[in-house]
């Protein structure tokens, strides 16, 4: 077999490994039910860079660096690293921006939604239902011919190296505790596994996810559009393995109230993830997948990632992000505006082609 | 022969275009792809529909010739 990881056993293996590693990262110091969370960790990086000043969520997360660089190294090795781009950049930025607003209303990306569930946080069920609903709306547009247009191989190969270089720069700033960087002294931002372990785990997952095309949004989208359960089997393996490891580590605690880094406002858990799911579906990948694609030289995915970084900054600066106390003062506005924005993009990018 | 050009299209467009062809047309066709991920996805769709295809490959792209 040319690529084991693209087979059914392969994707199940990858999902299981990510789930186990996520639980271990939590055991080693990452925040509860947040062994891995692409949205939260990018938000922490935005904070560390001073793009927002929420003092409890500022840290350069080595997992993000590892994911992107792991994908870069593996795709380079397997000759899949291809600098490319030019497909609706500003739209992708905006989708990333609002995807982050939605994720921070719910408090997590799809990866964390499943990890929260695996840790017994039943609010995650509401979030996942919202995610499915958002993706469903996205597939309606896709079936009607929604399309962001083609990317083209970039003539300037350098474009594909920019994100990997930024990641190396972030790593250096973290290792040498670069003065202008903000590091949380308390709160989730102060909770982290040892740097080297986080980095290595990130690299491993980045490599595995690159080979297997692991994508949480895609797993649900493929079921809706083609009744293909391939990616979904990986996501199920991910959730189950994290659940089992949480039982082993005593990290499982079932309930709605008092869950760590979560709130139990069902409507906003649902709508926050609806917004994210819709934005991911329109952009073609969950936040994890967008990082992996960035590592492969996909500059369109990189623009989405930067959009998420920008969204995180605005989310906290404009009091749109939730906290365990509930949603932010303007969280509801951000969510509604985001959903309206995504619907407009969905309608306006339909080309005449039906399925 | 009819050709479906999926080069540069992001997920799930390649699969959607092939699915569209399978549902609405009857003849043979070719799918032109430029990424491994697209190939794997399209291959999975074709295999699921019990369709046979031949592969042509060069450094720029991969073509599946789908027989029906």
To the nearest Å, what is the center-to-center distance of the range B:34-65 and the range A:82-156, using C-alpha atoms only?
26 Å
State the antiparallel share, in %, of DSSP beta bridges confined to the protein assembly as shown, rounding to the nearest 5.
75 percent
Footprinting exposure proxy for B:1, A:273, A:100, A:245 (fewest neighbouring C-beta atoms within 10 Å first):
B:1, A:245, A:273, A:100
Please report A:299, A:7 as a ranked list, fewest other C-beta atoms within 10 angstrom at the top and most at the bottom.
A:7, A:299
Honestly the range A:235-335 on the Cα gyration tensor test (a ≥ b ≥ c root eigenvalues; a/c under 1.5 rounded, otherwise a/b vs b/c for prolate or oblate) is just oblate
Angle, helix B:13-24 long axis vs. longest principal axis of chain B, Cα atoms, 0 to 90°, nearest 10?
20 degrees
Nearest 5 is fine: what % of DSSP beta bridges in the range B:3-66 come out antiparallel, could you say?
75 percent
Write down, largest first, the equivalent ellipsoid semi-axes of the range B:3-66 in whole Å, where each equals the square root of 5 times an eigenvalue of the alpha-carbon gyration tensor.
17, 13, 11
In whole percent, what relative contact order does the range A:224-343 give with Cα contacts below 8 Å and a gap of six or more residues?
26 percent
Spin-label point model (7 Å from Cα, Cβ direction): what's the residue A:28 to residue A:162 distance in nm?
3.2 nm
To the nearest 10 degrees, how steeply does helix B:36-48 sit against the main Cα axis of chain B, on a 0 to 90 scale?
10 degrees
Taking R0 as 45 Å, what FRET efficiency do you get between residue A:78 and residue A:254 from their Cβ-Cβ distance, rounded to the nearest 0.05?
0.60
Given the -39500 (n - 2.57) contribution per DSSP H run of 4+ residues, what per-residue ellipticity at 222 nm results for the protein assembly as shown, rounded to the nearest 500 deg cm²/dmol?
-19000 deg cm²/dmol
Footprinting exposure proxy for A:323, A:302 (fewest neighbouring C-beta atoms within 10 Å first):
A:323, A:302
Between residue B:65 and residue B:26, the FRET efficiency computed from the C-beta separation at R0 = 22 Å comes out, to the nearest 0.05, as 0.90
Seen from all sides and averaged, what is the projected area of the convex hull of the Cα atoms in the range A:1-96, in nm²?
8.6 nm²
Between residue A:337 and residue A:267, take the C-beta separation as r, use R0 = 25 Å, and let me know the FRET efficiency to the nearest 0.05.
0.95
Can you give the alpha-carbon Rg of the protein assembly as shown over 2.2 N^0.38 Å, where N counts its residues?
0.93
How much length is gained if the chain between residue A:227 and residue A:136 is pulled fully straight, taking 0.36 nm per residue apart and subtracting their Cα-Cα distance, in nm to one decimal?
31.5 nm
Whole-number percent relative contact order across the range A:146-253, with pairs defined as alpha carbons under 8 Å at least 6 apart
11 percent
Just need the relative contact order of chain A here, percent rounded to a whole number, with Cα pairs under 8 Å and 6+ apart.
38 percent
What's the center-to-center distance, using Cα atoms, between the range A:209-251 and the range A:311-355 in Å?
25 Å
q = 0.13, 0.17 Å⁻¹: log10 I(q)/I(0) that the Debye formula gives for the range A:67-201, counting C-alpha atoms only
-0.92, -1.35
Which length gain, in nm to one decimal place, applies between residue A:8 and residue A:176 when the Cα-Cα distance is subtracted from 0.36 nm times their residue separation?
56.3 nm
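Bear in mind that the values in this text are calculations on the coordinates, not laboratory data. Not measured: the values here are computed from a predicted model. Cβ sites come from the backbone with ideal geometry, for glycine too, and all protein chains shown count toward neighbours.
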